[in-house]
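The values are calculated or read from the model by the stated rules, or taken from the named source; none is laboratory data. Since we're looking at a predicted model, the values are computed, not measured. Glycine gets a Cβ as well: all are built from the backbone with ideal geometry, and neighbour counts include every protein chain shown.
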Amino acid sequence: MITAFKLFKPKENTEAPQDEMKIEYIKVDEIRPNPNQPRKFFDMTSLNELTESVKLYGVCQPITVRLINGKCYELVAGERRLRAAKNAGLETIPAIVVSITDNKSALIAMVENLQRQNLSFIEEAEGYSSLINDYGLTQEELAKKVGKSQSAVANKLRILRLPSGILKTIYEKGLTERHARALLKIPDEVIQKSILDKVVEQELNVKNTEALVNETLEKIKNNEIFELEKKEIHSFNDTRLILNTVKRTVDIINKTGIGAEYTVDEKETGTEITIFVPKAPQKELKAL
């Protein structure tokens, strides 16, 4: 079904004729989600408010879709409007049908969310990563397309160096991008988690978090971090903590040139960890 009103999109050359874009009403159930949607989390309170608005006034701004293989529609932009329409029980929704590539669809979805400023910094970073890895864009190309500096894109991508579990906690606890950047300075996941737990428990602001990180880095530098961990490990049931400590201990030994090794053997009753330290050659012993 075609509506009676139309939108007009001017071309860059203002002397040329304008492209006419018609708005169609498409069945809500015939539109599949955009697999490149950068936003993973939706504020339910805000979505419920939009749903109530849609019930009263309908969808005032059309969504954008594309036709896939002439068979089905895929959402390009307007995820919240589509969800609200479904929640409101609408059978159809106004939509502009465009003919674009996967690359362009993913880019439009990203830009729309950036313009609305409703992406978390983690979702923004993941979206950039997807555009680079899936569509072969360079950081410079991506920066131009989304209207950011290359350094801004690079800084966002650095956030993804943090382990997924750390990122999940940062998002769920509402911590900031600067909290995340501070944790990036810590080279060990176990210690990162230890610091993050303190940040959450004590509700530390960015300045105090950075101070805690710098203090911890000094302890790592002076090999005092092991004493710190002994105080913070409440249970040795977490094998990862023990393995991490063993690995670092062996690494320190090997810096002396000894060549120590460790092996891990999982048994029914527990985990057996063996550290092998080779003896020094007899000639070296006599010299000592």
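So which residues in the range 59-87 are at pLDDT below 85 and of a type in the set (G, A, S), if there are any at all?
If the condition is that a residue be at pLDDT below 85 and of a type in the set (G, A, S), then G70, A77, G78 are the ones that fit.
Among the residues of the range 165-181, is any free of Cβ contacts under 8 Å to residues at least 12 places away in the same chain, more than 27 Å from N34 (Cα to Cα) and not acidic (D, E)?
Among the residues of the range 165-181, not one is free of Cβ contacts under 8 Å to residues at least 12 places away in the same chain, more than 27 Å from N34 (Cα to Cα) and not acidic (D, E), which makes the answer no.
I'd like to know if the range 146-168 contains one or more residues that are within 26 Å of L107 (Cβ to Cβ), in a loop (DSSP other than H, G, I, E, B) and charged (D, E, K, R).
Filtering the range 146-168 down to residues within 26 Å of L107 (Cβ to Cβ) leaves 146-162, 164, 167.
Then drop every residue that is not in a loop (DSSP other than H, G, I, E, B), which leaves 147-149, 162.
Filter once more, keeping what is charged (D, E, K, R): 148.
Yes; the residues of the range 146-168 include at least one that is within 26 Å of L107 (Cβ to Cβ), in a loop (DSSP other than H, G, I, E, B) and charged (D, E, K, R).
Which number in (1) at pLDDT below 85; (2) part of a helix (DSSP H, G or I); (3) not hydroxyl-bearing (S, T, Y) marks the one condition that I195 misses?
(1)
Here is a check on your reading of the model: is Q150 surrounded by 13 or more Cβ atoms within 10 Å (Cβ to Cβ) and under 17 Å from the mean Cα position of the chain (by Cα)? I'd like the intermediate steps shown before the answer.
Numbers: surrounded by 13 or more Cβ atoms within 10 Å (Cβ to Cβ): yes; under 17 Å from the mean Cα position of the chain (by Cα): no.
It is false that Q150 is surrounded by 13 or more Cβ atoms within 10 Å (Cβ to Cβ) and under 17 Å from the mean Cα position of the chain (by Cα).
Which of (1) at pLDDT 70 or above; (2) surrounded by 13 or more Cβ atoms within 10 Å (Cβ to Cβ) is the odd one out, the single condition I225 does not satisfy?
Answer for I225: the failing condition is (1).
For the range 178-192, does any single residue satisfy the condition of being at pLDDT below 85, in a helix (DSSP H, G or I), over 14 Å from the mean Cα position of the chain (by Cα) and among the aliphatic types (A, V, I, L, M)?
No, the conditions are met nowhere in the range 178-192.
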